[in-house]
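J.: Sharing a structure here in structure tokens format.
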């Protein structure tokens, strides 16, 4: 059985940056420079030990002077967080749009979680930087953990709302909404991580595996009397 293949690893895609040595003067040029640094940083964080990825290395890889990168990020940790915030915001924006298009609570939950899996399978570098970095590699004394950032809380709130809508018809929820939400997140993210990081065998399609897990959980929860 052939394993469903994810797309090729994302590579930094540089935008419309000023010529080498030129100063970014317009807001658009400054945004391009910042986005270029984030794109290169994402790639290096994904393929190397994040603790060894310095701002100087990112600047050199992106084609900028060391001084340029410090105009946008005060240190490596700030750029690292910017990468994660950008990638998390992108997927949450997309999933919120999808959720609004599906009326039935059961189908809405199923559709959103499958969309999340497809998103990460197509963007393995983003997934690695967001979910495969050890806590000690991403922590910074004196700064709030990324897991408590506004975009992460917004992401969790979306998933929790899907579960709350599913359980709304029940006088007593068939399962703790918190446990249900955490289980769905852990199961779907686990399938992505397993597929991306375990290459010793040819696994079943990750989407098929996710459908089996989601349908089994939904069937268990929804068979309870309302």
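Each reported figure results from applying straightforward, stated rules to the coordinates on display, with no laboratory input. Only a predicted model underlies this, so the values are computations on that prediction, with no experimental measurement involved. So basically every Cβ, Gly included, is an ideal-geometry build from the backbone, and we count neighbours across all protein chains shown.
J.: In degrees from 0 to 90, rounded to the nearest 10, what is the angle of the helix 76-101 Cα long axis to the longest principal axis of the chain?
T.: 40
J.: Follow-up. Where does helix 177-197 land angle-wise versus the long Cα axis of the chain, in degrees 0 to 90, nearest 10?
T.: The angle comes out near 60 degrees.
J.: State the extension gain, in nm to one decimal, for the chain segment bounded by residue 158 and residue 118, taking 0.36 nm per residue of separation less the distance between their alpha-carbons.
T.: 12.7 nm
J.: What's the center-to-center distance, using Cα atoms, between region 70-142 and region 147-226 in Å?
T.: 16
J.: Binning at 5 angstrom from zero up to the longest distance, how are the C-alpha pair distances of region 55-180 distributed in percent?
T.: So the P(r) values, bin by bin, are 2, 9, 16, 17, 17, 14, 10, 7, 4, 3, 1, 1, 0.
J.: Given Cα positions, please report Rg to Rh for the chain, the hydrodynamic radius being the Kirkwood one.
T.: Dividing the radius of gyration by the Kirkwood radius yields 1.03.
J.: Which order do 131, 80, 167 fall in if you start with the one that has the fewest other Cβ atoms within 10 Å?
T.: In order of increasing Cβ crowding within 10 Å: 131, 167, 80.
J.: Please give the residues of region 61-87, grouped as numeric ranges, whose backbone N is less than 17 Å from a label point set 7 Å along the Cα-to-Cβ vector of residue 131.
T.: 84-87
J.: Given the -39500 (n - 2.57) contribution per DSSP H run of 4+ residues, what per-residue ellipticity at 222 nm results for the chain, rounded to the nearest 500 deg cm²/dmol? Don't skip to the end; give the middle numbers.
T.: Details: 10 runs with 145 residues, N = 226.
After summing the helix terms and dividing by residue count, I get -21000 deg cm²/dmol.
J.: At a 10 Å Cβ-Cβ cut-off, how would you order 199, 189, fewest neighbours first?
T.: Working: 199 9, 189 17.
If I rank by nearby Cβ atoms, fewest first, I get 199, 189.
J.: What is the gain in length, in nm to one decimal, between residue 212 and residue 172 on full extension, counting 0.36 nm per residue of separation less the C-alpha to C-alpha distance?
T.: 11.8 nm
J.: With angles folded into 0 to 90 degrees, how steeply does helix 206-222 sit against the dominant principal axis of the chain? Use alpha carbons for both and round to 10.
T.: 40
J.: At q = 0.11, 0.13, 0.22 Å⁻¹, work out log10 I(q)/I(0) for region 129-211 with the Debye formula, treating every Cα as an identical point scatterer and leaving solvent out; two decimals please.
T.: -0.45, -0.61, -1.11
J.: Continuing with the same structure: Using a Förster distance of 25 Å, how high is the FRET efficiency between residue 70 and residue 148, based on the Cβ-Cβ distance and rounded to 0.05? Please report the intermediate quantities before stating the final value.
T.: Working: r = 26 Å, r/R0 = 1.05.
Step by step, r from the Cβ atoms, then E = 0.40.
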